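Read the structure below first, then the notes.
Nothing in this text is a laboratory measurement; each read-out follows from the coordinates by a stated rule. Worth saying up front: this structure is predicted, and the values here are computed from it rather than measured. Backbone-built Cβ (ideal geometry, glycine too); neighbour counts: all protein chains shown.
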Amino acid sequence: MKKAIYVLILLLVVVSGLVFANREIQPKTSEKSPQKPLFGAELTAALKKWESTPEGINFKLWEESPEGQKVLAGAAKLRSHIRDSTAMEAVVTSLSLPPDSRLGFGVMVRINNDDYILNFGSEKSDEFKQLHSLNVDDKIIIKSHAVSYAPKYSYPIVSGDYVEHDSKVIYKRAPRKGGC
């Protein structure tokens, strides 16, 4: 009986060894190869191609609409502050973002009589703790590195890098790791 069990175990080990030995090991390659950044004529051609898609056509129509013009004008007003990384005075107008927004955590602010979405990205429990203490009509000082816009939103989107309230820094974006 013991010999039969030993033979079965030995047979199992040999068969499983053969199965694993014959298995082809294929390196995992991504479905898409990383694209090279586009420059010059390639960039212009890609932009023209995108503008002919339904999304591109809708974006162009939005840009030319009164709502799109208002958003673009609001974004243009902040470009010099962002380029020079200067502080901007803002007043908190709402503690929530517009309905159906997918920007993460943010508040609505008014800068120079124009409304903006002040976006901080996906919410992390401790990182935004002090920002939750803000109230409507609080005056804050902000710095940003970018302003963007999308047809989905009726306001330009300001990326929050630095927020000061009552001369106290309540938020400062952590520098990127491993990048410039």
Which pairs in the list Lys143/Lys168; Lys77/Lys124; Lys70/Lys139; Lys70/Lys152; Lys49/Lys70; Lys36/Lys60 are over 22 Å apart, alpha-carbon to alpha-carbon? Lys77/Lys124; Lys70/Lys139; Lys49/Lys70; Lys36/Lys60
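Quick check: from the Cα gyration tensor, does the stretch 107-180 come out rounded (a/c under 1.5), prolate or oblate?
Working: a/c = 1.64, a/b = 1.09, b/c = 1.51.
Oblate, since a/c reaches 1.5 and b/c is not below a/b.
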Got the relative contact order for the stretch 77-162 handy, in percent, Cα pairs under 8 Å and 6 or more residues apart? 33
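For a quick check: sort Tyr155, Tyr116 by the number of other beta carbons within 10 angstrom, fewest at the front.
Numbers: Tyr155 21, Tyr116 27.
Taking fewest neighbouring Cβ atoms as first place, the list is Tyr155, Tyr116.
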Summing Lys, Arg as +1 and Asp, Glu as -1, what charge do residues with Cβ under 12 Å from the Cβ of Ala146 carry, Ala146 excluded? +3
Distance between Cα centroids, the stretch 50-65 to the stretch 112-165: provide it in whole Å. 27
Which of the GluC sites (Glu not before Pro) found in the stretch 31-89 are loop residues per DSSP with 16 or fewer other Cβ atoms within 10 Å of their Cβ? Glu31
Pairwise over distinct Cα atoms, reciprocal of the mean inverse distance: report the Kirkwood radius of the stretch 53-172 in Å, one decimal place. 14.8
